[in-house]
Amino acid sequence: MNLTRLSLLCVISTALLLAGCSKSPTPDKIKADLIGREFTSAPYSWKFESPSEFRDLQITNTTQTDNLIEYSVVTHLIGSKHSEVEANLLLSYRKENGEWKLINLRETGKFSESTRGDPPPVEAMGKMFAEGIGKHSNGIIKVVQFDKTTGQFDQQKNKYISYRMEVSMIVEFQGDCTYFGSKLEVTPGLPSNGGWDEFQGRRPGHKGERKIFGAILTFSKSDKKEKWDWDWELR
């Protein structure tokens with residue numbers, strides 16, 4: 001083999017090697033590159049932890065220059081046993097030393113979530129809420145009716161599950177009181193003027209009187225917990 005032919009083979013081999021290194025990222029490489037990354041689309045957030053989270057990933061658009069590639073992708077993700085999400089992402093790659101490196105990702109479209117599994121049972125949540133508000137008011141407020149109006153899994157952050165429930169409730173005052181605030185703070189006794197102090201937002205509640213309120217309840221837990229933590233506010 002003469003030197004000219006050997007040089008030609010070396011050039012071809014080098015070119016093939018460089019071509020292999022600079023091959024555009026495949027869906028499998030994109031999935032691998034996303035592990036450990038996180039994106040946020042308020043109020044949602046997602047951190048990629050395992051290849052098993054990907055139900056599928058589709059590249060819908062590609063924009064490429066010499067050293068940059070931007071991919072628009074749609075991916076279906078499976079997180080905890082309670083949720084499945086669809087996200088639209090824009091991924092930016094830059095060629096460094098002959099290899100494509102993921103340098104940025106952001107959520108560009110609708111981040112939607114469907115529930116898989118059962119929401120908190122309404123009857124149990126109503127009982128929990130009634131007991132909680134009774135203790136919070138030192139027995140002055142009693143929930144006599146509790147009806148769910150809407151409910152949805154509101155956010156999924158890693159292994160954290162949150163369920164948002166809107167309710168209508170009827171409460172009965174067990175004694176004269178003054179109530180105020182987004183969580184029905186109460187003090188015994190009527191306002192000093194006997195009526196509604198509009199400036200301070202303090203309202204009178206008369207013993208035996210019933211009122212209707214709307215409220216938003218948020219129940220949360222990790223996928224390893226059986227018991228729901230909860231919080232609420234009037235709406």
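I'd like the full set of residues that are at pLDDT 90 or above, of a type in the set (Gly, Ala, Ser) and assigned to a strand (DSSP E or B), limited to the stretch 142-181.
Across the stretch 142-181, the qualifying residue is only SER168.
From the list GLU131, GLU123, pick out the single residue that is closer than 28 Å to PRO204 by Cα and either at pLDDT below 80 or among the acidic types (Asp, Glu) (or both).
One residue alone meets the criteria, GLU131.
List every residue pair whose Cβ atoms lie under 7 Å apart, where the two residues are 6 or more positions apart in sequence or sit on different chains, the first residue falls within the stretch 89-110 and is assigned to a strand (DSSP E or B), and the second residue, located anywhere, is among the small types (Gly, Ala, Ser) and modelled with pLDDT of 90 or more.
Matching pairs, first to second residue: LEU90/SER72; ILE103/SER92; ASN104/SER92.
Is at least one residue of the stretch 25-40 surrounded by 11 or more Cβ atoms within 10 Å (Cβ to Cβ), part of a helix (DSSP H, G or I), at pLDDT 70 or above and among the β-branched types (Val, Ile, Thr)?
Yes, the stretch 25-40 contains a residue that is surrounded by 11 or more Cβ atoms within 10 Å (Cβ to Cβ), part of a helix (DSSP H, G or I), at pLDDT 70 or above and among the β-branched types (Val, Ile, Thr).
Residues in the stretch 182-230 that are within 18 Å of the chain's Cα centre (by Cα), modelled with pLDDT under 85 and of a type outside the set (Phe, Trp, Tyr): how many?
Summing the residues that are within 18 Å of the chain's Cα centre (by Cα), modelled with pLDDT under 85 and of a type outside the set (Phe, Trp, Tyr) in the stretch 182-230 gives 8.
Quickly run through the stretch 90-120 and pick out the residues that are modelled with pLDDT under 65 and at positive phi.
Of everything in the stretch 90-120, just one residue is modelled with pLDDT under 65 and at positive phi, namely GLY117.
The values are calculated or read from the model by the stated rules, or taken from the named source; none is laboratory data. This is a predicted model, so every value here is computed, not measured. Methodologically, a virtual Cβ is constructed for each residue, glycine included, from the backbone with ideal geometry; neighbour enumeration extends over all protein chains shown.
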